[in-house]
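The values are calculated or read from the model by the stated rules, or taken from the named source; none is laboratory data. Values in this document were obtained by computation on a predicted structure and should not be read as measured data. Using ideal geometry, Cβ is built from the backbone for each residue, glycine included, and neighbour counts are taken over all protein chains shown.
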Amino acid sequence: MLRNICRIFNFAKPEIRLKTASLTKLDHRRYIKPASLLALCKRSSVTLLAMPEQKSGRDMDLSTPPAGVRGMTQLDRDAFRKTISVPAIKVKKEVINKLMKSLKNVALQRPGIKRVVEDPDDENHRLVLLDPFTISTASCFGESENAAMKQLEVNTEIHTYDLELAYENFKSEEVLRAVLPEGQDVTYGFSRVGHIAHMNLREHQLPFKSLIGQVIIDKNSSITSVVNKTNIIDTTYRNFQMEVLAGEDNMATKVRENNVTYEFDFSKVYWNSRLSTEHERIVSLLEPGDTVFDVFAGVGPFAIPAARKSCLVFANDLNPESYKWLQHNCKLNKVDKKIHVFNLDGRDFILGAVKEQLTERLHKASTQKKNTVHIVMNLPALAIEFLDAFKNLLENQPSGDSSLPFVHCYGFSKHDNPAQDIQERAEGFLGKSLEGHCTVHLVRNVAPNKEMMCISFQVPAEVLYRNHSEEQDNPEEPAPKRQKCDGPDSP
Ligand SMILES: C[S@@+](CC[C@H](N)C(=O)[O-])C[C@H]1O[C@@H](n2cnc3c(N)ncnc32)[C@H](O)[C@@H]1O
């Protein structure tokens, strides 16, 4: 604590008198703003008795680029150059390696900056650069540092070293904080899709969009293209309109998810790296030999791992580009013999391939082992509305419980009780209560007050086998409730 006070006000320990020692629990490495420090001192009965003389206007701020970069919209890397004074100690060449371990808490740490430099006046010595926020005088060293220096006969006298800082030595958030208007939020999270950084910039960041893009490329070695969503998600194929902010205009990319490789054109298909855990969760429910229908398959993140687990897979997507990349990924992952791919509307897929396969299973000899059927429906903005396609799907077929498929259907909810909301909406489209016969899983929080949920249930026999005349006789079944929410981050 005392060291922090020294460093902020740039004076030596004896100039401070502590009335109580109630601050000892504070991490001595934490940076404390002067205003917070004063408040803290007040709360903790610390009295600062004297303001020392400031060491004449030296810039010791390692993390703030020069003030002149504020408002820059085209990146000028040279404008980030500045010289700062940092403390240093002189150490004999032979003991440097032994000493550095003991100085790890006080040595300078900056991207691309060496902590040990030549001593221009003495070739037998080196200068060890120290963190100016931690060490301003020799009295700021801690016990263990003093002990190590004493043992190695190192002189603790503090020298001053003029350190040249450049654009490369600032972190991306430091660059952006210095450039964007003061007081505005500079958070700039992105999701990585192969070589592409995918951003969702806010209004006040737009004038700086190409600079932000360039900084992200400069500071992240594997990113060569930065894009920003320019409108909300396209309503049909769930892909985004996007603008290239910096780097190459090449959206054909390659990603690895759960040990499977996918290739696709990110500007034409749906991909969301945040769904990898959910893909893995569903695949973990499958047993080799199961049959999987993926109604809204995208480029294959459920279908391909399922086929690799020796399931028989039927995968469908309405977007011709998704269909094309799905086929490509099946070949890429050598599962093209195990996956049947379709380019249909989801309802036609259910009424066609799903119905055909389920019917075929019903006619198999009853002694033959029948594995589980899973139907995955990941189109959260709409999938629940496709559930009525299961009504009467197998009407007039010999009924048998062993063939009842498990559905995993996704939906968004802005409701206070999203699980109940999803269940009620699913029941509405199935025309049958699922009470006690379903589980609802929270997949992820998509936006404030908007959850992505997955409801899993075995399609009730009454839904699959019921015929139209029975349906008309039952006026009490729940009425379908359509989803009202769809927003910018909707998959
Ligand atoms: C949210 S994405 C999910 C993709 C993939 N299952 C995943 O988890 O990443 C939904 C997919 O449904 C497709 N789609 C949208 N409407 C459809 C429809 N009516 N029938 C079939 N596929 C549709 C889109 O092209 C998109 O690939």
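If I go through segment 286-305 residue by residue, how many of them are under 20 Å from Phe386 (Cβ atoms) and either of a type in the set (Gly, Ala, Ser) or more than 9 Å from the ligand (Cβ to nearest atom) (or both)?
Here the count works out to 7.
What residue, among those in segment 46-70 that are modelled with pLDDT of 95 or more and assigned to a loop (DSSP other than H, G, I, E, B), is nearest to Pro207 (Cα to Cα)?
Ranking the qualifying residues of segment 46-70, first place goes to Arg70.
Can you tell which of Asp317, Asp336 is farther than 26 Å from Ile455 by Cβ and either more than 10 Å from the ligand (Cβ to nearest atom) or without any contact (Cβ under 8 Å) to a residue 40 or more places away in the chain (or both)?
Values: Asp317 fails: farther than 26 Å from Ile455 by Cβ.
Sole residue among the options that is farther than 26 Å from Ile455 by Cβ and either more than 10 Å from the ligand (Cβ to nearest atom) or without any contact (Cβ under 8 Å) to a residue 40 or more places away in the chain (or both): Asp336.
Yes/no per residue for (1) free of Cβ contacts under 8 Å to residues at least 24 places away in the same chain; (2) more than 15 Å from Ile216 (Cβ to Cβ):
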residue: Leu127; (1), (2): no, yes
residue: Gly142; (1), (2): no, yes
residue: Lys150; (1), (2): yes, yes
residue: Thr160; (1), (2): no, yes
residue: Glu164; (1), (2): no, yes
residue: Tyr167; (1), (2): no, no
residue: Glu182; (1), (2): no, yes
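Collect the residues in segment 279-303 that are under 22 Å from the mean Cα position of the chain (by Cα) and on the phi > 0 side of the Ramachandran plot, keeping them in residue-number order.
Gly298, Gly300
Condition check ((1) more than 10 Å from the ligand (Cβ to nearest atom); (2) without any contact (Cβ under 8 Å) to a residue 60 or more places away in the chain; (3) within 27 Å of Leu404 (Cα to Cα); (4) out of contact with any helix residue (DSSP H, G or I) (no Cβ under 7 Å at 6 or more places or on another chain)) across all residues:
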| position | (1), (2), (3), (4) |
| --- | --- |
| Asn250 | yes, yes, no, yes |
| Ser267 | yes, yes, no, yes |
| Ser273 | no, no, no, yes |
| Ser284 | yes, yes, yes, yes |
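How about segment 273-325: which of its residues are assigned to a loop (DSSP other than H, G, I, E, B) and of a type in the set (Val, Ile, Thr)? Steps first, please.
The initial filter retains those residues of segment 273-325 that are assigned to a loop (DSSP other than H, G, I, E, B), namely 285-290, 295-302, 309-311, 317-319.
Result: Val295, Val299.
Any chance segment 232-243 includes a residue that's modelled with pLDDT of 90 or more and either buried (at least 16 other Cβ atoms within 10 Å of the Cβ) or not assigned by TED's automatic domain parsing to the domain that holds Ala383 (or both)?
From segment 232-243, those modelled with pLDDT of 90 or more are 243; that's our starting set.
Subsequent filtering for residues that are either buried (at least 16 other Cβ atoms within 10 Å of the Cβ) or not assigned by TED's automatic domain parsing to the domain that holds Ala383 (or both) retains 243.
The answer is yes, given that some residue of segment 232-243 is modelled with pLDDT of 90 or more and either buried (at least 16 other Cβ atoms within 10 Å of the Cβ) or not assigned by TED's automatic domain parsing to the domain that holds Ala383 (or both).
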